[in-house]
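Chemist: One structure, pasted below without further comment.
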Amino acid sequence: MDRVIDAEALPYRPCVGIVLINAEGLIFAGQRIDSPVPAWQMPQGGIDEGEKPREAALRELCEETGITADLVEFVAKAPEG
(Lines give C-alpha, C1' and ligand atoms only; values in the text may rest on other atoms or scores of the structure.)
Protein backbone atom coordinates (compact mmCIF):
# COMPACT_ATOMS: atom_id res chain seq x y z
CA MET A 1 0.00 0.00 0.00
CA ASP A 2 1.33 3.47 -0.93
CA ARG A 3 1.88 5.88 1.92
CA VAL A 4 0.03 9.18 1.46
CA ILE A 5 1.86 12.29 2.64
CA ASP A 6 -0.02 15.49 3.40
CA ALA A 7 2.22 18.11 1.76
CA GLU A 8 0.45 20.90 3.65
CA ALA A 9 1.55 19.38 6.97
CA LEU A 10 5.24 19.25 6.05
CA PRO A 11 7.64 21.96 7.18
CA TYR A 12 8.54 23.95 4.08
CA ARG A 13 10.96 26.74 3.38
CA PRO A 14 11.00 28.28 -0.09
CA CYS A 15 14.26 27.37 -1.76
CA VAL A 16 16.37 27.73 -4.87
CA GLY A 17 18.61 25.40 -6.84
CA ILE A 18 21.30 26.28 -9.34
CA VAL A 19 22.39 24.40 -12.44
CA LEU A 20 25.90 25.65 -13.13
CA ILE A 21 27.04 24.93 -16.71
CA ASN A 22 30.52 25.79 -17.98
CA ALA A 23 31.54 26.86 -21.50
CA GLU A 24 32.03 23.20 -22.49
CA GLY A 25 28.48 22.32 -21.43
CA LEU A 26 29.53 20.37 -18.33
CA ILE A 27 27.27 20.62 -15.27
CA PHE A 28 28.74 21.15 -11.81
CA ALA A 29 27.88 18.84 -8.93
CA GLY A 30 29.86 19.02 -5.70
CA GLN A 31 30.59 16.18 -3.33
CA ARG A 32 29.10 16.81 0.10
CA ILE A 33 31.68 16.91 2.88
CA ASP A 34 29.12 16.14 5.59
CA SER A 35 28.20 12.67 4.34
CA PRO A 36 29.94 9.42 5.34
CA VAL A 37 29.20 8.02 1.86
CA PRO A 38 29.70 9.65 -1.55
CA ALA A 39 26.86 12.14 -2.02
CA TRP A 40 26.73 14.72 -4.78
CA GLN A 41 24.50 17.72 -5.31
CA MET A 42 24.18 21.01 -7.14
CA PRO A 43 24.23 24.31 -5.23
CA GLN A 44 20.92 24.95 -3.47
CA GLY A 45 19.42 26.42 -0.34
CA GLY A 46 16.66 28.34 1.35
CA ILE A 47 15.37 31.79 0.46
CA ASP A 48 15.81 34.19 3.39
CA GLU A 49 12.99 36.45 4.59
CA GLY A 50 12.54 39.35 2.13
CA GLU A 51 15.04 37.88 -0.36
CA LYS A 52 14.19 37.43 -4.03
CA PRO A 53 14.82 33.98 -5.55
CA ARG A 54 17.60 35.18 -7.89
CA GLU A 55 19.35 36.95 -5.01
CA ALA A 56 19.10 33.75 -2.95
CA ALA A 57 20.46 31.67 -5.83
CA LEU A 58 23.49 33.92 -6.25
CA ARG A 59 24.09 33.98 -2.48
CA GLU A 60 23.86 30.20 -2.20
CA LEU A 61 26.13 29.75 -5.23
CA CYS A 62 28.79 31.93 -3.60
CA GLU A 63 28.37 30.36 -0.14
CA GLU A 64 28.66 26.82 -1.46
CA THR A 65 31.24 27.24 -4.26
CA GLY A 66 32.94 30.62 -3.87
CA ILE A 67 31.70 31.60 -7.34
CA THR A 68 30.55 35.24 -7.31
CA ALA A 69 27.69 36.80 -9.29
CA ASP A 70 30.05 38.63 -11.65
CA LEU A 71 31.35 35.29 -12.93
CA VAL A 72 28.00 33.82 -13.98
CA GLU A 73 25.35 34.55 -16.57
CA PHE A 74 21.66 34.01 -15.87
CA VAL A 75 20.18 31.78 -18.56
CA ALA A 76 16.70 30.75 -17.41
CA LYS A 77 14.49 29.98 -14.45
CA ALA A 78 12.06 27.16 -13.82
CA PRO A 79 8.38 28.05 -13.93
CA GLU A 80 6.82 28.71 -10.54
CA GLY A 81 4.55 26.02 -9.33
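Chemist: Filter the stretch 21-41 for residues that are in contact (Cβ under 8 Å) with a residue 12 or more places away in the chain and either more than 10 Å from the chain's Cα centre (by Cα) or open to solvent by 80 Å² or more (accessible area, probe 1.4 Å) (or both) and give the result.
Modeler: To start, the set of residues in the stretch 21-41 that are in contact (Cβ under 8 Å) with a residue 12 or more places away in the chain comprises 21, 27-30, 41.
Across the stretch 21-41, the qualifying residues are Ile21, Ile27, Phe28, Ala29, Gly30.
Chemist: Being assigned to a loop (DSSP other than H, G, I, E, B), open to solvent by less than 100 Å² (accessible area, probe 1.4 Å) and on the phi < 0 side of the Ramachandran plot: is that true of Glu51 here?
Modeler: Details: assigned to a loop (DSSP other than H, G, I, E, B): yes; open to solvent by less than 100 Å² (accessible area, probe 1.4 Å): yes; on the phi < 0 side of the Ramachandran plot: yes.
It is true that Glu51 is assigned to a loop (DSSP other than H, G, I, E, B), open to solvent by less than 100 Å² (accessible area, probe 1.4 Å) and on the phi < 0 side of the Ramachandran plot.
Chemist: Would you check which residues across the stretch 42-80 are more than 13 Å from the chain's Cα centre (by Cα) and hydroxyl-bearing (Ser, Thr, Tyr) and list them?
Modeler: Residue satisfying the conditions is Thr68 alone.
The values are calculated or read from the model by the stated rules, or taken from the named source; none is laboratory data. Every value quoted in this text rests on a predicted model; they were computed, and no experiment measured them. Note that we place each Cβ from the backbone using ideal geometry, even for glycine, and neighbour counts take in every protein chain shown. Calculation scope for accessible area: heavy atoms of the full protein, side chains included, ligands and nucleic acids excluded. Shrake-Rupley method; radii C 1.70, N 1.55, O 1.52, S 1.80 Å.
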